[in-house]
Amino acid sequence: MKNIYKKIMRNKIFYVFLIIIVIMFPSTLYNESDKDRTLVVTSIGIDKEDNDYKLTVLAVIPKGSEDISANLEIFTSKGETIAEALDQASANTGKEVGLAHCDSIVLSQDILNDNISIILDYFIRTSNLATNASLIISENSAEELIKATKSSNNYLDLSLKSIVMHDEKSSMLNNTTIESFYKTYFSKSGTFCLPLLTTEQPEKQSSEQSGGQESGQAGSSSGSNESGSGESGGGKIKNNQKVVLLKQGKKVRELNEDEKFIYNLISPTSENIKIKIENINDNYVTNSTEVYQQIKKFVLPIYKFRDGKPIVTYHIWLSLMIDEISSDSNYSFASIDGLQSFLSDIAKEKINMQVNEKLESTLKTMKENNEDILGFYDKFNAFTHNKWEKYLTEIDNPDNYLENLNIEIKLYLNYVI
């Protein structure tokens, strides 16, 4: 043991190590922790007021409370640019704005009057934010939606990201992130779809609360930070599953119901579609209204040319299950064999007729507005390059390549018992 001790004491490296510990230990002991220096932001709302951007950030402020909402606070700031507004937020709170955990960016509809790439360029340049943050449009102001998110956390661990991810499974929306936006922004079509959320204000709100909210907003506009709460006009989030179409970064319009149905049907990633058919008369039901729900789906698109014109055929294998049924014959599920398939030939015919009608309407809208929502240019260029190049040279206006496009949908329906 003594020999080991002597060897250690004779080793110069030991003394170097000891000196490092003596020097570094006091500094590490009194260093400020990251959580004390950084404002951990989970969502950002961006509004336009005059020529300034108004940012509303939802941040996590750990307080050791079991109430989720109690650990969330809202701060607002203004600036002529996004960078200036974030710097003002840092000055207001005394902390650096940390965007590493920010999973959603909310834009008001006023912002969409201009090219939103001007705003998003900041988030692309900074390494502080991951490019997988979801983009969301607020039908009200972005500030109201952020406040509603905090208010909703009083009873639910809710994030805007979770709402968007649900929409991506039950609609044609797919990966509504900053990265995906720029991929389509620089493509030939230049179109991108985003979810549109709204907020519902409480029906009963006293004038005192309203006055307090107005004074709070006035204070925030002067540059001071605001600690918002769900009770201060937070309201509730309402998702009517509206979809906004952007072209070259600007809002064009909202998709209609026929478009949403067709794009949802042919989307390989959507997991939820419901088909409602009426006036069904067969061996089991009379004047029945039936709603079928998707159980499983496989989509195979084929891009080709017919008589020199582009055509895409979607082969869709769709497994359905009855979700609701209402019949004049006072039908009951308990009245027949549980193995009975409700998807009769009459029901299949009704479904195909409905799909064809909605497809015709969708294709007409697509051509009239010249909106390549599904990126047909890139897909035909990839799968039928030579024929596509020849087609573009033969038409009068290569930018109007959708005028001769045709879409077919072939459904292979199967009933799941």
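The values are calculated or read from the model by the stated rules, or taken from the named source; none is laboratory data. Only a predicted model underlies this, so the values are computations on that prediction, with no experimental measurement involved. Glycine gets a Cβ as well: all are built from the backbone with ideal geometry, and neighbour counts include every protein chain shown. Keep in mind that these areas ignore ligands, DNA and RNA; they rest on the heavy atoms of the full protein, side chains included. Shrake-Rupley method; radii C 1.70, N 1.55, O 1.52, S 1.80 Å.
If contacts are Cα pairs under 8 angstrom and at least 6 residues apart, what is the relative contact order of the stretch 240-297 in percent?
22
Using a 1.4 angstrom probe on the protein heavy atoms only, could you order Glu357, Glu389 from most to least accessible area?
Glu357, Glu389
Order Asp328, Asp121 by their accessible area, 1.4 angstrom probe, all chains in place, largest first.
Numbers: Asp328 110, Asp121 60 Å².
Reading off the accessible areas and sorting them downward yields Asp328, Asp121.
Which value, in Å² and to the nearest 10, is the accessible area of Arg306 when all protein chains are kept and the probe is 1.4 Å?
Ignoring ligands and nucleic acids, Arg306 comes out at about 110 Å².
To the nearest 10 square angstrom, how much accessible area does Lys387 have with a 1.4 angstrom probe?
120
Multiply the residue gap between Glu49 and Glu254 by 0.36 nm, knock off their C-alpha separation, and tell me the result in nm, one decimal place.
Separation in residues times 0.36 nm, less the Cα-Cα distance, equals 71.4 nm.
Counting only other residues whose beta carbon sits under 13 Å from that of Phe261, what net charge do I get with K and R as +1, D and E as -1?
Once all neighbours under 13 Å are counted, the net charge is -1.
Of Lys188/Lys238; Lys48/Lys297; Lys250/Lys350; Lys247/Lys304; Lys150/Lys367, which pairs sit farther than 32 Å apart, going by alpha carbon to alpha carbon?
Table pairs above 32 Å Cα-Cα are Lys188/Lys238; Lys48/Lys297; Lys250/Lys350; Lys150/Lys367.
Could you tell me which of the pairs Lys183/Lys387; Lys54/Lys274; Lys183/Lys276; Lys54/Lys236 are separated by over 28 angstrom between their Cα atoms in the structure shown? Please report the intermediate quantities before stating the final value.
Values: Lys183/Lys387 25 Å; Lys54/Lys274 40 Å; Lys183/Lys276 35 Å; Lys54/Lys236 21 Å.
Where the Cα-Cα span goes over 28 Å, the pairs concerned are Lys54/Lys274; Lys183/Lys276.
Using alpha-carbon positions, what is the distance between the centroids of the stretch 382-396 and the stretch 79-131, in Å?
The stretch 382-396 and the stretch 79-131 have Cα centres separated by 41 Å.
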